[in-house]
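Heads up: the structure comes next, in structure tokens.
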Amino acid sequence: MSASPVETQKPAKITVKGLRKSFGANEVLKGIDVEIAEGEVVCVIGPSGSGKSTLLRCLNKLEEISAGHVIVDGFDVTDPKVDINEVRRHVGMVFQHFNLFPHMSVAENIMLAPVELKKATRVEARAQAMKLLERVGLKEKADARPASLSGGQKQRVAIARALAMNPGIMLFDEATSALDPEMVGEVLQVIRDLAAEGMTMVLVTHEMGFAKEIGDRVVFMADGVVCESGPPAELFGNPQQDRTKEFLSKVL
Amino acid sequence: MGMFLVFGGAGAAMAAPADNGVEGKTFVIGTDTTFAPFEFRENGELTGIDMDLVRAIAEAEGFKVEIRSLGFNAALQALTSNQVDGVIAGMSITDERKQVYDFSEPYFESGIQMAVAKNDDTIKGYEDLKGKTVVAKTGSEGEAYAKSIAGQYGFTVKSLDQSATMYESVKSGSAVAVFDDYPVLAYGVAQNNGLKTVTDKVPGGSYGFAVNKGKNTALLAAFNDGLAKLKADGDYQKILDKYLANPTAAQPTTFLDLLGKSFPALMSGLKNTLVVTIISFAVAMAIGLLAGFMKISHNIVLRGIATTFVNIFRGTPLLLWAFMFYFGLPQLTGQPINIWVAGVLTLSLNSGAYVAEIVRGGIQSVDPGQLEASRSLGLGYGKSMQKVVVPQAFKMMTPSLINQLIIMLKDSSLLLAIGFAELLYQGQQIYAANFRVTETLLIVGVIYFVAVMALTKLANYADRRFNK
Ligand SMILES: Nc1ncnc2c1ncn2[C@@H]1O[C@H](COP(=O)(O)OP(=O)(O)OP(=O)(O)O)[C@@H](O)[C@H]1O
Ligand SMILES: [Mg+2]
């Protein structure tokens, strides 16, 4: 599961260089440099407001990028000539609040992108949706409305939906923060399975235990910069920066 | 002409007049929509002094007439542009009109008369009007006359738009007397409209039949000839008496009778109301969607255009635009405008402004996370809007849109001011002829209510069906 030192020679799946992002006069990301290898699982932790979500949303350009470069799967998303919709098909995203489409059934949520982007006929898309639902353990909910699902079920459907275009990268923004504690486990299990299959993933999380377990690398952000990053054992066991120590002492 | 020569011998044998240039021909005659007792509809048929007269003259002179009920101004415009051959519409012969039209001999001597409520014994003449209020029709000779003596007798003149409303205000006591054209008053009294005349007729204008200047001279001559014949054999007086002297037996007496007689006209009004509402609403939806999307656009120019549009049409009365499109626009463009076009423009632009706000509000009420989720799947902005945001927005917008539709159905009644033949307009036409104001309005009200209820039910059904 973990990328060995040898394997880090693999080409970078995501490269972030000198990324800056401002909302008006408020600079939220102040120069971020990160490389993420194929198959690597990176967990992003840090205090509230440090810019974790913003960083994640810059990776698929849900936020306009103020300066620097973000290269995903070889595409520079800051290049205006790059078709961002094409890039986004290679990057699945899972949100804290699920954002399922309430006017569609569970299966239709998953089928929307493949059908509308003409990657599959409705019949093929439906068959694929059923496979994805089976993978997240919700096959029997295919024709239910999202409103009738529990939080954990909703998030598993959202993961299935994000997988519908067969992305090489998955982004998770606090995927379990809005869930009741008893439902966190079922969602984490799905993410664990994805990691085991070798999916490249970036997870923003408050679940330190899970970050320790699943992460190949943990990135600690504070005040819009990457303060410290390294394998979970090192970062959690022997943090180098005062800022990291202070943060960990509060959350562990 | 050739035809006439062939049959000339036979015509002479039947003691018809010598070649009068009109025999066997058909002439198109324009007239007003309702100006009782000269022209009005009874059981859907055009009738009245003008109609009886022109038909009797046509018969006496051996020609045929095709009557077009166009409205007074439209009839004159049609005459100017030679779309009709002649106009008979209770029209006074004036010097201005003589410059553009040729008139027949006067066929009716009009005048002004004063009437009071039937049971009012206090007002017997102008002297009794001191300190009181009288009503007269806006822009009429009756108004001019009343104002000319108002100072002398110390009364106030209030101007109203329609004979029927004037009579109602006298009966209800908000005015003590009405000054109106003598034939109109006489006809009303003959219809038992609850008034009685108390003064002598003040001689006023003479009515004439008109053709375009220098055109249709044979028709004009035939009219004069026929009129003289009718006067000579007493038929002319019979026609006048029919409308001015004896109460017309044909007028509805009971409520059911009124309902039965007015129903066909009211249904045609309802049809026009529904059709103009549905067309206008479809156009308003298109305008509103466009303007609504422009309002949430990132382009400041588009946003500015949409905001200006919304502000203009929300900030001005509907009726103003009805007048603007129907009367103002043709003067700017020099092109007459179809009344349906004017009506639909008025309703749809006004409603479009409100729909734009509903659309904007609806779209902005959809969680931004929905658009982000769709965009993150690789769907473009347009597709995301179409498949994800707009369907949810519509669900939220539906109650407001149904509301807007119902407001429009009711507001369409304002189009009566430009003469659009919708439901309330038809009601007015009916009580203008029979003076049963309250009952007619009651019937019209019930029809509106039923139509609104039916439309609400239909819209709610569609809502449940498509927005489950
Ligand atoms: N759309 C926006 N407009 C203006 N400011 C924003 C916007 N989004 C985020 N910010 C600001 O950027 C800063 C970083 O926000 P971000 O959501 O990235 O933090 P975070 O690390 O994800 O915090 P949390 O753990 O609370 O989710 C915050 O100060 C926030 O107020
Ligand atoms: Mg966040």
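Every number here is computed from the coordinates shown, using simple stated rules; none is lab data. Since this is a predicted model, take the numbers as computed values, not measurements. Cβ coordinates were reconstructed from backbone atoms using ideal geometry, including for glycine residues, and neighbour counts include every protein chain displayed.
Worth a mention:
- Inter-part distance, segment A:40-64 to segment B:29-71, computed on C-alpha centroids, equals 83 Å.
- Of all complete DSSP H helices in chain A, those with a Cα span along the helix axis of 20 Å or greater and a mean Kyte-Doolittle hydropathy of 0.0 or more are A:181-196.
- Cα shape, segment A:82-233, gyration tensor, a/c 1.5 rule: prolate
- From helices alone, chain A scores -10500 deg cm²/dmol at 222 nm; the rule is -39500 (n - 2.57) for each run of n ≥ 4 DSSP H residues, then divide by the residue total.
- Within chain A, longest stretch clear of exposed trypsin sites (Lys or Arg not before Pro) (DSSP loop, no more than 14 other Cβ within 10 Å): A:119-252
- Contact order normalised by residue count of chain B, Cα under 8 Å, 6+ apart, percent: 16
- Considering only A:95, A:210, A:220, the mean-square fluctuation computed in a Gaussian network model of chain A, springs between alpha carbons under 10 angstrom, is largest for A:210.
- Helix B:339-364 vs. chain B, principal-axis angle (Cα, 0 to 90°, nearest 10): 20
- Compared with the dominant Cα axis of chain B, that is its longest principal axis, helix B:2-13 is turned about 40°.
- Three-way shape call for segment A:25-91 based on the alpha-carbon gyration tensor, with the a/c threshold at 1.5: oblate
- Averaging Cα coordinates gives a centre for segment A:130-161 and one for segment B:114-176; these two points are 79 Å apart.
- Cα-based helix-to-principal-axis angle, B:255-295 vs chain B, degrees rounded to 10: 40
- Alpha carbon centroid spacing (whole Å) that separates segment B:315-336 from segment B:184-237: 34
- Order of B:255, A:75, B:179 under a 10 Å beta carbon neighbour criterion, fewest first: B:255, A:75, B:179
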